[in-house]
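The values are calculated or read from the model by the stated rules, or taken from the named source; none is laboratory data. Every value quoted in this text rests on a predicted model; they were computed, and no experiment measured them. Every residue, glycine among them, receives a Cβ derived from its backbone with ideal geometry; neighbour counts consider all protein chains shown. These area figures cover heavy atoms from the full protein model, side chains too; ligands, DNA and RNA do not enter into them. Shrake-Rupley method; radii C 1.70, N 1.55, O 1.52, S 1.80 Å.
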Protein chains: 4
Amino acid sequence: MKALVYHGPGAKAWEDVPDPVVVDDTDAIVRVDTVTICGTDLHILKGDTPEVAGGRILGHEAIGTVVDVGAGVKTVTPGDRVLVSCISACGRCQFCRDGHPGQCTGGGGWILGHLIDGTQAEYVRVPFADTSTYSFPAGCTDEEILMLADILPTAYEVGVLNGRVGPGDTVAVVGVGPIGLAAITAASLYTPGHVIAIDLADARLKAAEKFGADRTVNSGRDDAAAFIQDVTGGQGADVAIEAVGVPDSFELCTRLVRPGGRVANIGVHGKPATLHLESLWIRNITVTTGLVDTYSTPTLLRLVAAHKIDAARFATHHFKLSEMEDAYETFAHPADTGAIKVVLAR
Amino acid sequence: MKALVYHGPGAKAWEDVPDPVVVDDTDAIVRVDTVTICGTDLHILKGDTPEVAGGRILGHEAIGTVVDVGAGVKTVTPGDRVLVSCISACGRCQFCRDGHPGQCTGGGGWILGHLIDGTQAEYVRVPFADTSTYSFPAGCTDEEILMLADILPTAYEVGVLNGRVGPGDTVAVVGVGPIGLAAITAASLYTPGHVIAIDLADARLKAAEKFGADRTVNSGRDDAAAFIQDVTGGQGADVAIEAVGVPDSFELCTRLVRPGGRVANIGVHGKPATLHLESLWIRNITVTTGLVDTYSTPTLLRLVAAHKIDAARFATHHFKLSEMEDAYETFAHPADTGAIKVVLAR
Amino acid sequence: MKALVYHGPGAKAWEDVPDPVVVDDTDAIVRVDTVTICGTDLHILKGDTPEVAGGRILGHEAIGTVVDVGAGVKTVTPGDRVLVSCISACGRCQFCRDGHPGQCTGGGGWILGHLIDGTQAEYVRVPFADTSTYSFPAGCTDEEILMLADILPTAYEVGVLNGRVGPGDTVAVVGVGPIGLAAITAASLYTPGHVIAIDLADARLKAAEKFGADRTVNSGRDDAAAFIQDVTGGQGADVAIEAVGVPDSFELCTRLVRPGGRVANIGVHGKPATLHLESLWIRNITVTTGLVDTYSTPTLLRLVAAHKIDAARFATHHFKLSEMEDAYETFAHPADTGAIKVVLAR
Amino acid sequence: MKALVYHGPGAKAWEDVPDPVVVDDTDAIVRVDTVTICGTDLHILKGDTPEVAGGRILGHEAIGTVVDVGAGVKTVTPGDRVLVSCISACGRCQFCRDGHPGQCTGGGGWILGHLIDGTQAEYVRVPFADTSTYSFPAGCTDEEILMLADILPTAYEVGVLNGRVGPGDTVAVVGVGPIGLAAITAASLYTPGHVIAIDLADARLKAAEKFGADRTVNSGRDDAAAFIQDVTGGQGADVAIEAVGVPDSFELCTRLVRPGGRVANIGVHGKPATLHLESLWIRNITVTTGLVDTYSTPTLLRLVAAHKIDAARFATHHFKLSEMEDAYETFAHPADTGAIKVVLAR
């Protein structure tokens, strides 16, 4: 088959590789029907994730059709169309049983396109198939369900639920690339009073408005903290969601929140940040971090099926699977292309 | 009357001052029967709290007898014996109505011995008397109830409740001076599996054992993180409580907790700390800060009355009110004196 | 002044009474600008609430202008336009301090138009004015804010928050008179997957659709439990909200919910219901009851100000204050008039 | 092998049956080392549980040694000593993945000694072995861990956690047979202010005192509601735990709790109860029911290992496995024998 293979920092190719086969009895082999690219894949290509070995097939998000299963697979059968989640769950370890497969100690967690071959391929081996794939409701398109492989549960769990967004809250989202837009989408489920998008790029702020932000601040030009003081009558935001992954944006979040406020970090960080405890110790702040667990995937599936989340609008560009390298180009240059998520179909 | 007056960094005296009188109609004048000294008072004396003006009477913890009340006081009457809390609550602002008077915007919060004259005196004016004092159950001694003015609600709310200590948890307490010992006491209410005290002083670790720690680590000699990995089968602590207020001890806390763990900061910090988001972003960590709100004071009063908290054991040294300066000496040098809390009585 | 005076079961009149004056120093006298009638007022007139004495002025919801205040009132001044809440809060008792003034033991709770004279009058005395009235944002109309005096916080707190409605949930609302419509409105804040209105009257079900129900069942004609099994793939509703107040509708709710589901009772009951523990004991059901506490009023004010709740649409009929008796007629016969809430203005 | 076989209401025998074998690839065959009898087994024998077929081996609690496993079992191997839980978890259905295997729709739930053969035998087939058994810490005895098969997680989850017992609470336990004593034990983990045991038998009340109740009421002689009003200053209990399973005791619980209080039902009921909504609607009451899910078993294992729960004291009588019928006699007549739990060992 063909697959997108990582060959060390900066190097990748859509090339021939052997077809995957069932290795463990809980595996499924899935034909990839629809797949996307994640910002994390770009990080891997930059060499930020040294645990990814050369020769690895990338990708951790897909919709596909089951073609084979191991003897221990109980609830998934060939012919089933499934969502392949970015998180694999062994289903047996304590973290999995407590609803936290992102921290799985039984061989799961984030493994696809990371520690084992991933979904940017014609076929993929999916371990722990019973607890790592989801069947999905009739009447939904592949491309909307595909957004539930990673970006929407990540934004919902790590941003909105960790940040305890509630009705009437003022929510600041710092960084409105794909994951920030997903955070705006997910925050809207709780009817916040205001969603304020903060970014350095006007084009992204424009997109944020379309996704539901009612205020925007270009923090390169304007003082975001002062803006939020103004909107909130001098209080500060109830929740600030970090969706960039650099120290500056994290530190900005800690300045934006009111006493009792929450900072929910979604960004993938490569460097430490400064936590200004000399002013924060007295302010009843909560800071959370997290990798998605996907415990919310069934809820999000219900919401997409009920047309309460417009997931399709994330998909700005469409390609054939064989155009994988073009799709990477488009996704890697959003300032030029306006890409939010690219969708590749068989 | 006599009172302990602050005269700028390093200077204080037990001296004659005018008696306090009712200023606002919600004030009570309370004769101080029993009073203590807080670590925060020592910080003020070092000049760490520049908002405290020269001439200020210090102290924010007392048991006393009401001698006069303003016309607007409804539930407190002369003759009542009351606990004077470190936090004053206007009772009207949104923070007070939401149970967070520590953040009161109506003139309360931490004001006694800080923004207005305090309790280390023969009499004290207590604003918002209805919502800032507590009557207390018969059969309790002044000195045990006195520990509910600050140290126990602070440790309980900001350490134990913010850290969501639960049955069976492994709880690390970093710093076991008075507030750390209070955190051990408060954590015990939830029957943790292990309470591990961490400090640089063996004498304090010995005290921690008496207060209920089942393991101790001298982090000057031993690797606390390795110790906790060992106790928890390689997982890490469920909760780490910071009770010092320096960057090192905070950063240690973030290394001690397991994926999904909580770091509850109680320490009063003067400098920023480093938050290692490059490793923490993926670990589902929660970090909390806070000033006590005293919403738990009624609960703690019930627990002391039911003999479920041994609050009296914090009181290691006893003085007369007129021996205030000696009491400060004793409390300021715990390594020599073994002082945890000093109690001064009329 | 003129006021609507209750003269025992079945008897009321809009008649001359003395103007109210400040009695306690925490009172405000409020000129009533806009007022409404509650289903509870009709219960009182039927004699269902024997603690209401003859001679009592009815009404517990109003928007008005402060004309006088007692010496102990701090934050409300003559000229302020305020929302007068159905719940008065002494602000000092433990229930008030814990956010539950509906259970106030300090003289508050539901007292207006119940134990003291109420708001269906030209002027009203409002006890505990600082903690029982709310100023409100510019740009909102009286009639939308008026819905925050009782119906919306009741539906939100006692129905939606007690029932823990969450994104994607299937919510059944049994009884879609005014309070049931308010429950649909409040549930929508959490983006449920489905809101199913259940009633005996097709006209009310039609209104429910306008307020956001996506399914309706006339339980006089159809089997509501079977309908919900069908919608939920055989599971049952996540939440059932009782908004009638009779045993049948409560018992229906307990049949509608899935294992782990919640039954939130809002209805005012006059008779006991049967709780089928022989089948429910094993199903992890939660049943809640409650009187509104109004802790959510500030949140709801923010949501109305941000145009996230369309409160105005509850107001179907408008009268002058002097047309109070006509307004009662209209409100008492919704099947004929289509009334949801009637609004009377100065 | 020998096993205790149910032969319809009133009939049972310790008799020869075929040895169990692996049927599904997720099964384990466990040699029973230690086993106990549950009150539910007595209910089955009375014929209260008609879904139990004649010929069924009873029992759903055991400690044993794995002797064989199916090909799909990953984490359990022959030779392992394991706790066999009363609840089997398929690990794949939504209820299991949400932490509620008591409601498993994938073939688990309460099946042992109910829908399939159980543990009162020399060997038992345990389905879904990976997610339905627990290895346990060295240094614990079989008989203390055996109490974690059913009685302690049931009391903890369905009584204490559902009832939200917290520090300082007044907790009333109605019915202090084995499950009520377990509720007292589990409630103590949260340091309630008072635990009040209520029963009709003085002998059981005496046992309750030994297990940690600080007050007792014989409700056949004394007015339990008046007693609790007295203890709580006229408020009522924070939590009432029903541990009998008859309408009277449930209804008593609803009279014991304060406004805002919780009634947590553990009892297995055969008849409906009356819910006095005409007085309860206004009191902010929460009523919960539930079957144990065993999500707390790992926590309880840690607590027993840390000697924070004295589980061994439930075991009042000891037998050999072959004395099963005698053990039933002893357990069925606690008024004569004083039995709490009987323990049978190989």
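Figures for the structure shown
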{"item": "Filter result (in contact (Cβ under 8 Å) with a residue 12 or more places away in the chain and of a type in the set (Ser, Thr, Tyr)) within the range D:270-298", "result": "D:Thr274, D:Thr286, D:Thr288, D:Thr289, D:Thr294, D:Tyr295, D:Ser296, D:Thr297"}
{"item": "Residue in the range B:33-51 that is away from chain C (no Cβ under 14 Å), open to solvent by less than 10 Å² (accessible area, probe 1.4 Å), among the acidic types (Asp, Glu) and out of contact with any helix residue (DSSP H, G or I) (no Cβ under 6 Å at 6 or more places or on another chain) present", "result": "yes"}
{"item": "Yes/no for D:Ala213 being touching a residue at least 12 places away in the same chain (Cβ under 8 Å) and under 30 Å from B:Thr297 (Cβ atoms)", "result": "yes"}
{"item": "Of all residues making up the range D:185-243, the number that are open to solvent by 30 Å² or more (accessible area, probe 1.4 Å), within 16 Å of D:Leu256 (Cβ to Cβ) and not in a loop (DSSP other than H, G, I, E, B)", "result": "8"}
{"item": "Given (1) under 16 Å from C:Val292 (Cα atoms); (2) out of contact with any helix residue (DSSP H, G or I) (no Cβ under 8 Å at 6 or more places or on another chain); (3) not hydrophobic (A, V, I, L, M, F, W, C), index of the condition C:Gly108 fails", "result": "(2)"}
{"item": "Condition check for A:Ile116: in the same structural domain as A:Ala129 (by TED's automatic domain parsing) and open to solvent by less than 10 Å² (accessible area, probe 1.4 Å)", "result": "no"}
{"item": "Candidates D:Val263, D:Val244 - the one that is closer than 18 Å to C:Thr274 by Cβ, of a type in the set (Val, Ile, Thr), within 22 Å of the chain's Cα centre (by Cα) and not assigned by TED's automatic domain parsing to the domain that holds D:Thr40", "result": "D:Val263"}
{"item": "Failed item in (1) in a helix (DSSP H, G or I); (2) surrounded by 24 or more Cβ atoms within 10 Å (Cβ to Cβ), with D:Leu252 passing the rest", "result": "(2)"}
{"item": "Residue within the range C:166-179 that is charged (D, E, K, R) and in the same structural domain as C:Leu252 (by TED's automatic domain parsing) present", "result": "yes"}
{"item": "Output for the range C:53-65, where each listed residue is open to solvent by 10 Å² or more (accessible area, probe 1.4 Å), part of a loop (DSSP other than H, G, I, E, B) and in contact with a strand residue (DSSP E or B) (Cβ under 7 Å, 6 or more places away or on another chain)", "result": "C:Gly54, C:Gly55, C:Arg56"}
{"item": "Residue tally, condition open to solvent by less than 60 Å² (accessible area, probe 1.4 Å) and without any contact (Cβ under 8 Å) to a residue 24 or more places away in the chain, over the range C:12-24", "result": "1"}
{"item": "Number of the condition not met by C:Ala138 [criteria: (1) open to solvent by 10 Å² or more (accessible area, probe 1.4 Å); (2) over 22 Å from A:Pro192 (Cβ atoms); (3) not in a strand (DSSP E or B)]", "result": "(2)"}
{"item": "Whichever residue in the range B:255-278 is part of a loop (DSSP other than H, G, I, E, B) and open to solvent by less than 50 Å² (accessible area, probe 1.4 Å) and, among such residues, is farthest from the other protein chains (Cβ to nearest Cβ)", "result": "B:Ile266"}
{"item": "Residue among C:Asp41, C:Asp48, C:Asp25, C:Asp68 that alone is in a strand (DSSP E or B) and among the acidic types (Asp, Glu)", "result": "C:Asp68"}
{"item": "Tally of residues being facing another protein chain (nearest Cβ under 8 Å), in a loop (DSSP other than H, G, I, E, B) and open to solvent by 20 Å² or more (accessible area, probe 1.4 Å) across the range D:79-108", "result": "4"}
{"item": "Listing of helices (runs of 4 or more DSSP H) fully contained in the range C:284-346 that carry 1 or more residues being buried (at least 23 other Cβ atoms within 10 Å of the Cβ)", "result": "C:297-305, C:324-332"}
{"item": "Failed condition for C:Ala71, given (1) touching a residue at least 40 places away in the same chain (Cβ under 8 Å); (2) more than 9 Å from every other protein chain (Cβ to nearest Cβ); (3) surrounded by fewer than 18 Cβ atoms within 10 Å (Cβ to Cβ)", "result": "(2)"}
{"item": "Single residue of the range A:160-181 satisfying the filter (part of a helix (DSSP H, G or I), more than 14 Å from every other protein chain (Cβ to nearest Cβ) and open to solvent by less than 30 Å² (accessible area, probe 1.4 Å)) that is nearest to A:Gly236 (Cα to Cα)", "result": "A:Gly180"}
{"item": "Meets criteria (within 30 Å of B:Gly102 (Cα to Cα), open to solvent by less than 30 Å² (accessible area, probe 1.4 Å) and either hydrophobic (A, V, I, L, M, F, W, C) or not in a strand (DSSP E or B) (or both)) for C:Gly8", "result": "no"}
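Rundown of residues vs (1) closer than 23 Å to A:Cys104 by Cβ; (2) touching a helix residue (DSSP H, G or I) at 6+ places or on another chain (Cβ under 9 Å), yes/no style:
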{"residue": "B:Gly233", "(1), (2)": "yes, no"}
{"residue": "B:Asp238", "(1), (2)": "yes, no"}
{"residue": "B:Ala243", "(1), (2)": "no, yes"}
{"residue": "B:Asp248", "(1), (2)": "no, no"}
{"residue": "B:Arg255", "(1), (2)": "yes, yes"}
{"residue": "B:Trp281", "(1), (2)": "yes, no"}
